[in-house]
Amino acid sequence: MTRVVFTELLGGGVFTVGDDLDPSSLEPVGNGRLGGPSGPAVDVTGAVLVADLEGDAVALAEHGGGWQHFGTPGVGVGELHRPTAAAFLPAGRLVVLDSGNRRLVVVDDVSGAGWTTYGHPGLSPSEGGFVDPRGLAVDASGRMWVSDPGAHRLTRVNSPAGDGWVEIGLPAAAHPPIPYGLGARGDGVVLVDAGNARLLVLEGDGTTSASVDLADGTWVSPSFVASVGGNLVVGDAVANELRLLEPVAGSFVTVAVLRGSPPDVLQPLFDSLGGVGS
């Protein structure tokens, strides 16, 4: 069974669950809670990688193991500032969306060796410039996609050197796009456009192959998304729930829901979603 990983931003927990969202398959990850886990990813071995927003670090847990940490607060080598997402690259390398420093950070492993950065603060839509990057996905070809709601754009780069930078055009809509949640899907991605309450499935060349309306009255604040096989898992941050969506007739429909508990419950199942990944 494929596992989905998700985080509690406030509760500090990280969990995996089966791709059918069966509550009986829910399992905690690591050996304790983190300061503000966000933007998680899981690899084929079951290792889980998360950005620790409040800890200015990233954390990695091998399958069944405890947390290994990397990063200290700051702007220099080995330093991060409010990272929001992390992902696995080919050959086992790691990439972190260092949002507070408006850059991508690539390292060989959780030791921080092989430190490389790409990007800079960009108040205008300049190449390599980020305003408020939030979502990160690595596609099947190893390309890195970044959602930047502050700049109203989605970008893609081919490598840590920044070659192949391109802004991905999104379909016209009633409001300016606010690209937010992002998940890899083959050579493309699936994206939550919070500005237009829609889910976009984008192919590797940036074209849109499907669009799902999230303004049907059943969602509160859909924020995060991951692709699992042909299905999607969408996290609604305010409703504190995960939904499993299956493709039907060119769109997607909800077939399962995993709902957490309010944070004031003595022992909540989970609270305050901070990201979902696969």
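Descriptive notes on the structure:
- Qualifying residue in the stretch 110-126 (condition: of a type in the set (A, V, I, L, M, F, W, C) and within 20 Å of the chain's Cα centre (by Cα)): yes
- Among residues of the stretch 166-180 that are assigned to a strand (DSSP E or B), those with a beta-carbon under 7 Å from a residue that is of a type in the set (S, T, N, Q) at least six positions away or on a different chain give the pairs Val166/Thr155; Glu167/Thr155; Ile168/Thr155; Pro179/Ser147; Tyr180/Ser147; Tyr180/Ser223.
- Residue, surrounded by the most Cβ atoms within 10 Å (Cβ to Cβ), within the stretch 203-226, restricted to residues that are touching a Gly at 6+ places or on another chain (Cβ under 7 Å) and not in a loop (DSSP other than H, G, I, E, B): Val225
- Taking first residues from the stretch 18-29 that are under 11 Å from Val5 (Cα atoms) and partners that are assigned to a strand (DSSP E or B) and of a type in the set (Gly, Ala, Ser), the Cβ contacts under 8 Å between residues at least 6 apart in sequence or on separate chains come to Leu21/Ala256; Val29/Ala61.
- Residue within the stretch 178-197 that is crowded, with 19+ Cβ neighbours inside 10 Å and either out of contact with any strand residue (DSSP E or B) (no Cβ under 8 Å at 6 or more places or on another chain) or under 23 Å from Gln68 (Cα atoms) (or both) present: yes
- Any hit, the stretch 119-129, residues being in contact (Cβ under 8 Å) with a residue 40 or more places away in the chain, within 26 Å of Gln68 (Cβ to Cβ) and crowded, with 20+ Cβ neighbours inside 10 Å: yes
- Any chance Gly230 is surrounded by fewer than 16 Cβ atoms within 10 Å (Cβ to Cβ) and under 13 Å from Leu245 (Cβ atoms): yes
- Selected residue (criterion: farthest from the chain's Cα centre (by Cα)) from residues of the stretch 30-46 that are buried (at least 20 other Cβ atoms within 10 Å of the Cβ) and free of Cβ contacts under 8 Å to residues at least 60 places away in the same chain: Gly30
Bear in mind that the values in this text are calculations on the coordinates, not laboratory data. Being a predicted model, the structure only gives us computed values, none of them experimental. FYI the Cβ positions are ideal-geometry reconstructions off the backbone, even for glycines, and counts take in every protein chain you see.
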